[in-house]
Amino acid sequence: MDPYPIDFFGECMNSPQNGHTLANEIYEHMVVEKEREPEEGEAQKSPSKIVADSLSQISRSSIFLPNIGVARVSKTARSTSTAAEARLQAQFEATLQAEREEAARMQEQLEA
């Protein structure tokens with residue numbers, strides 16, 4: 001996993017003269033999230049997703065990721081992806097069921 005967006009955010013926001021700021025807290029949260037092991041059935045979040053989620057807590061219109069050349073993770077893309085995955089899963093299950101039925105018919109023919 002490429003930690004580039006998280007590390008870059010930390011470098012941009014780390015300033016010895018500013019002390020402990022909200023940006024530092026957000027960066028610490030990003031690092032914890034990056035190092036967290038996903039729970040069973042949960043996908044590992046990409047660094048871009050971690051940054052986008054963290055920054056959305058303070059501003060829904062953050063331009064940090066586009067400014068560093070990283071495309072934002074859109075909610076539409078996620079829902080489209082989820083719908084596509086569900087459609088593919090349903091097709092797979094239908095094909096698998098049809099193959100099982102065909103195998104059962106062939107087995108019956110062999111036994112007859």
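Numbers at a glance
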item	result
Förster radius 35 Å - calculated FRET efficiency between Phe8 and Gln91, Cβ distance, rounded to 0.05	0.30
Packing-based ranking, highest mean first, of 46-58, 100-112, 21-33 given that Cβ atoms within 10 Å are counted	46-58, 21-33, 100-112
Potential extension, Ala84-Glu99 segment - 0.36 nm per residue separation minus Cα distance	3.2 nm
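Each reported figure results from applying straightforward, stated rules to the coordinates on display, with no laboratory input. In this text, all values refer to a predicted model and were calculated from it rather than measured experimentally. For neighbour counting, all protein chains shown are included, and Cβ atoms are generated from backbone atoms with ideal geometry for every residue, glycine included.
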